[in-house]
Amino acid sequence: MKWITGFLLALMACSRPQGDSNTIQFWQFWTDINTKPVIEQLISEFEQENPGLHVKVTDLTWANGHDKIVIAFAAHQPPDIMELGSDWIAEFAANDLLADVNPATPDYYSYPAKWNGRNFAYPWLLDSRYLYYNLDLLKRIGKGTPRNWNELLSDCRGIDSLGEDYFGFGANSAERHRLYKKFLPFLWSNGGQVLNATGDKSELDSPQAIEALSYYLKLCDSGLIESQRRIEEYFRDGKIGVVVSGGWLLQRLKKTPPNFEYKIGTFFTPSGDKGISFLGGEYLAIYKNSPRKEAAKKLAEFLSRKDNAGRLCDAAGFGFPPYADLNPADSNIAAEIAQLSHSISNPPTPIWVDIEQDIEDAIEAAMYGHGTAREILTTASETINAKLRSNESAK
């Protein structure tokens, strides 16, 4: 990714947008049969509310959308407004490409959108990672839902001992943008951090981080290492006791109810206090030098309104509008919202895409026994520190 965060980002500063003055260029990722019609309807309603303004929507994919946005900037053809994943914002904000904004949403949801004390994106749809429990398997070993790390590990080992058809814990294999989100809740809940407070040094070699990875490896040893899709299939088939997943799994469980009882729980610290999970989501950012900047802000404010963001969440089947006053009757959704208020995103840094890969490589190496947690995290920290120094010297 260095070619993206280096040469191309240097070219971005001279980007010149194109297009007529009344047409807002909007790039976004919602393309499936459930969400795309909602996007189209919202755009139509926005145009009705704002006579004279038009919106041209360009669809992106998660496979290459990030690279297309970077290349569009480098080619002097950036969109006026774009959907960014929460972990991409700092990369563009650090290169002075995004407009300052002031969302009317709780400030803690803007953590991924902040850079040098300023806010560069509107929260749009948020989700976290949760612990899903198969209550029937827990009952088979005479247990309820675990309350601390010792109980969680003991329960996973107990379920794993039920036979070769059962697995205590579902651990994600090496999949880009997924594996690190399953580990970071354990790191944060153990008091660890990825980077220090100033963002210029890795803390993955701290005692808290090493302890968290050591614990995570014990969970992996009492379960199954597979792709996210396969893990969730095994869970829905009643074969796995505990998995870490997002709100989309609850949607699938509701759509096709399994033949066992399940429950969503929040993360906890080793001793059982409230833990911290991963906050992810979609944000709306505006190109700093867009001649349609004010119109683009109107669109971002319209799309991120509670009712409109809620319609997108309903269509997607997961996620929440970025507002605090959400009061669901469903206990599992209530657990999701409770976790959302105790979640954080990755530390804002323009080289997060590189750091993310280093973390995932380290976790994968540890899961497959290529070294101890201490050895692997020490090496990962050295690699990350070298990249941080290189990024600083390139400024």
Tell me, what is the percent relative contact order of the chain, built from C-alpha pairs under 8 Å that lie six or more residues apart?
26 percent
Can you find, among 209, 228, 278, the residue sitting farthest towards the positive end of the charge dipole of the chain, where Lys and Arg contribute +1 and Asp and Glu -1 at Cβ?
278
Radius, Kirkwood style, for the chain when every pair of distinct Cα atoms is counted (Å)
22.0 Å
In order over segment 234-248: 3J(HN,Hα) from phi, Karplus 6.51/-1.76/1.60, θ = phi - 60°, whole Hz, x for each Gly or Pro, gives 4, 5, 5, 7, x, 9, 10, x, 9, 9, 9, 7, x, x, 5
Highest-fluctuation residue, 362, 94, 197 considered, GNM on the chain with Cα pairs under 10 Å
197
Cα pair distances of segment 247-395 binned at 5 Å [whole percent]
2, 7, 11, 13, 14, 16, 13, 12, 8, 3, 1, 0
In percent, how large is the relative contact order of segment 238-308, given Cα pairs closer than 8 Å and 6 or more residues apart?
15 percent
Segment 42-76 and segment 331-388 have their Cα centres apart by a whole-number Å value of 31 Å
Mind checking the full-extension length gain between residue 61 and residue 45? Use 0.36 nm per residue of separation minus the Cα-Cα distance, one decimal, nm.
3.3 nm
Rounded to the nearest percent, how much of the accessible area of the chain (1.4 Å probe, protein heavy atoms only) is carbon and sulfur?
49 percent
Note, ³J(HN,Hα) from phi for segment 378-391, Karplus 6.51, -1.76, 1.60, rounded to Hz, x at Gly and Pro
5, 5, 4, 5, 4, 5, 5, 4, 5, 5, 5, 5, 5, 5
Quick check on segment 34-87: what does the Kirkwood estimate of hydrodynamic radius come out to from the alpha carbon pairs, in Å?
12.9 Å
Per-bin percent of Cα-Cα distances, segment 195-253 [10 Å]:
19, 35, 27, 18, 2
If every alpha-carbon in segment 138-234 counts as one equal scatterer, what log10 I(q)/I(0) does Debye give at q = 0.20 1/Å?
-1.04
Accessible solvent surface per residue of the chain, calculated while the other protein chains remain in place, 1.4 angstrom probe, Å²:
42 Å²
How large is ³J(HN,Hα) for each residue in segment 200-207, as worked out from phi by the Karplus curve 6.51 cos²θ - 1.76 cosθ + 1.60 (θ = phi - 60°), to whole Hz, x for Gly and Pro?
10, 8, 6, 10, 6, 9, 6, x
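The values are calculated or read from the model by the stated rules, or taken from the named source; none is laboratory data. All of these numbers come straight from a predicted model, not from anything done at the bench. For neighbour counting, all protein chains shown are included, and Cβ atoms are generated from backbone atoms with ideal geometry for every residue, glycine included. SASA here: full protein model, heavy atoms, side chains in, ligands and nucleic acids out. Shrake-Rupley method; radii C 1.70, N 1.55, O 1.52, S 1.80 Å.
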